[in-house]
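Colleague: Would you mind keeping the following structure in view while I ask a few things?
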Amino acid sequence: EIGSVDLGGTKAITGRKLEKEDNGVWQAVLYDSTGKELQRVDITKETSIFGDAGAEFNFEALEFATKAKIDPTQIGYVYDDYSTPQTFTYYVKEERNPNLQDNGRTNGMTDDTVVYNVKITVSDDGKGHLIIPAPELTRDDGSAVETMHFDNTFKADNTEFIEAHKKVTGTALEDKMF
């Protein structure tokens, strides 16, 4: 039997909106417990409407299989009989895209440095069926969380932003009037 776990999360920027140009600047990286990189995915907003809403990331499913059901030479699965429950540990962190000039650095941006620890316990019900409950997620400070979320902070250097609105009274506003 094959069982799988989906992992993903969200991203936001405090201090400014996510813009279209932010797509792919940051990546979520999944590592195994030894530090080996397993997957790297862009953190993106999959719509043309960028605004206060955050971006997201989703890894390819992590798959687990019993030895009896899958050819053990096939890559991408963790094999065992799982008669004794086993816990697999991974960690996820946000990194800048190494393929961008200056790694996509933006003045005034402080990246989130949190590392999420992911524990997945796999067992067999004694009849060859895998039991895989939801992963346990904790931040690097040990606090339990429901979802992975990266939140960068933007603070403009020596710059103030002013928002202004124009109101016209007594006549209709015409194109190129001001």
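Read the figures in this text as sums done on the coordinates, not as results from a lab. Small disclaimer: the values here were computed from a predicted structure and weren't measured. All Cβ positions, glycine included, derive from the backbone under ideal geometry; neighbour counts span all protein chains shown.
Colleague: Excluding A144 itself, calculate the net charge of residues whose Cβ lies under 14 Å from the Cβ of A144, where each Lys or Arg counts +1 and each Asp or Glu counts -1.
Modeller: Spelling it out: positives minus negatives among the neighbours equals -2.
Colleague: Beyond 20 Å between alpha-carbons counts as too far, so tell me which of K20/K93; K17/K45; K36/K93; K45/K155 fall in that bin.
Modeller: Table pairs above 20 Å Cα-Cα are K20/K93; K45/K155.
Colleague: Report the label-to-label distance for E63 and V145 in nanometres (one decimal), using points 7 Å from each Cα along the Cα→Cβ vector.
Modeller: Using points 7 Å along Cα→Cβ, the separation is 2.8 nm.
Colleague: Pop a pseudo-label 7 angstrom from the Cα along the beta-carbon direction at both T89 and K166 and give the gap in nm to one decimal.
Modeller: Between T89 and K166, the label points sit 6.1 nm apart.
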